[in-house]
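What follows is a single structure, written as structure tokens, with notes after it.
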Amino acid sequence: MSDAAQATSGTVALVLGSSTGGVGRHVSSLTRGLLAAGRRVLVCGPAATDELFGFAAAGAEFAPVEIPASPGPQDSGAIRSLRRALAGRELDVVHAHGLRAGFVAALARPPAPLVVTWHNAVLARGLRGSASALVERIVARSAALTLGASEDLVERALSLGARSARLGAVASPEFAAAKRSRAAVRAEFRLAPGAPLILSVGRLHPQKRYDVLLEAAGRWRELDPQPVTVIAGSGPSYMLLAQRASELHAKFYLLGHRTDVPDLLAGADLAVITSDWEARQLFAQEALRAGVPLIATAVGGLPGLVGDAAVLIPPGDVDALDIAVREMLADAGKLADYAARGPRQAATWPNEADTVADVLAAYASVTGARAGQG
């Protein structure tokens with residue numbers, strides 16, 4: 001066992017809010033790694049997260065604390081539930097994931113140092129944005145240590161008064177292999193011989209700026225062969241995107257939620273991300289690991305994640321996306337070069353063991369600071 005693991009002997013409490021994606025997977029990975037390192041783990045979060053990610057099945061203790069995605073009067077109940085879950089335990093550290101969980105944990109006044117990992121930026125404006133900024137400030141100032149999934153989140157926390165903040169390792173998940181051949185995937189979309197398949201994966205939400213991808217796809221009607229653009233995902237922007245695609249007569253298809261992303265990548269010639277902000281975006285990782293050339297916006301944690309393995313463009317810029325796609329598709333050498341860069345970049349990402357070692361060092365740093373103040 002490492003020195004960091006030996007520095008503390010009590011329970012690690014991991015707290016998360018409502019999650020069906022990246023945050024839940026990260027907490028699940030940490031749970032397994034901490035248990036393997038000999039630590040006792042208590043996970044506190046909505047009951048649905050345990051059903052989805054299997055914290056108790058992995059060997060952790062699970063306490064249901066319903067922390068919904070949006071703040072409201074129900075937060076008072078979540079605070080009380082978390083206090084009860086943490087009471088009477090020998091806790092080394094409470095590690096909250098995301099601003100919602102961090103806010104509830106801060107107001108619960110845990111009997112151990114609070115570490116908060118910031119996974120996402122606040123993009124809301126107006127009254128909602130002002131309320132979110134207050135939550136950010138409370139969380140930043142309440143944590144003994146803030147870990148950011150991207151450098152801009154670290155800078156944001158420090159600007160709001162965080163006592164200590166640094167970049168935190170987030171394990172790159174293992175992705176399943178494709179089950180279908182490239183030819184079978186292309187046949188699903190009735191692609192003409194040589195027609196490029198352009199793929200994006202993510203929730204249909206304004207943050208993803210799929211309107212930019214759609215407008216560019218409308219311009220590609222003049223290309224021969226014309227690319228087919230598909231998005232795997234569901235969400236509130238579906239109707240607006242579908243209507244605009246019909247108006248543009250673009251070969252642009254919304255596939256809904258898909259569980260076969262590895263297959264889609266096997267058939268794709270190019271992957272595209274048009275988001276206004278991302279941290280360690282899962283689709284970017286899937287695309288690079290699969291060796292699919294990637295064009296992505298230079299926002300949040302994406303530049304640090306992809307390095308020189310993707311073509312980076314400004315957010316919200318249809319012209320830049322249009323040019324980048326045309327140049328990539330017109331140059332077989334460039335396509336092959338970026339296809340080779342992806343797996344090399346993926347090999348540099350932290351794995352589960354790296355991430356567990358990083359959080360154990362973080363825990364040791366805050367419990368050591370606590371001991372020094374006693």
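Read-outs: derived from the displayed coordinates by stated rules, not from any lab. Every value quoted in this text rests on a predicted model; they were computed, and no experiment measured them. Positions of Cβ are backbone-derived with ideal geometry, glycine not excepted, and every protein chain shown enters the neighbour counts.
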Cα-based reach from LYS208 at 15 Å (exclusive), listing aspartates and glutamates while leaving out same-chain residues under 8 positions away: ASP276, GLU278, ASP317
Net charge within 13 Å of GLU155 by Cβ-Cβ distance, Lys/Arg positive one each and Asp/Glu negative one each, not counting GLU155 itself? -1
Which value in Å does the Kirkwood hydrodynamic radius of the stretch 182-346 take, with 1/r averaged over all unlike C-alpha pairs and then inverted? 15.5 Å
Taking DSSP loops as anything outside H, G, I, E and B, show the longest stretch in the chain free of GluC sites (Glu not before Pro) there with at most 12 other beta carbons within 10 Å. 175-374
With label points set 7 Å from each Cα along the Cα-to-Cβ direction at LEU134 and SER234, the distance between them in nm comes to 3.5 nm
Kindly provide the helix-only [θ] at 222 nm of the chain, computed as the sum of -39,500 (n - 2.57) over DSSP H runs of four or more divided by all residues, to the nearest 500 deg cm²/dmol? -14000 deg cm²/dmol
Lys and Arg at +1, Asp and Glu at -1: neighbours of VAL228 with Cβ under 15 Å from its Cβ sum to +2
Can you give me the distance in nm between label points at ALA242 and ARG80, each placed 7 Å from the Cα along the Cα-to-Cβ direction? 4.3 nm
For every other residue with a beta carbon closer than 14 angstrom to the beta carbon of LEU335, add +1 if it is Lys or Arg and -1 if Asp or Glu, then tell me the sum. -1
Given that just one value was derived from the coordinates, which of (i) 26, 51, 22, 1; (ii) 28, 53, 19, 1; (iii) 23, 33, 27, 16, 1 is P(r) over Cα pairs in 20 Å bins from 0, in percent? (ii)
Is the stretch 41-102 rounded, prolate or oblate when judged by the Cα gyration tensor, a ≥ b ≥ c being the square roots of its eigenvalues, rounded requiring a/c under 1.5 and prolate requiring a/b larger than b/c? oblate
Estimate the FRET efficiency between PHE189 and ASN351 by the formula 1/(1 + (r/R0)^6), using the beta-carbon distance for r and 41 Å for R0, to the nearest 0.05. 0.75
Rank ASP224, ASP319, ASP50 by mean-square fluctuation in a GNM of the chain with C-alpha springs under 10 angstrom and give only the top-ranked residue. ASP224
Suppose R0 equals 25 Å. What FRET efficiency, 1/(1 + (r/R0)^6) with r the Cβ-Cβ distance, do ASP317 and GLU222 give to the nearest 0.05? 0.80
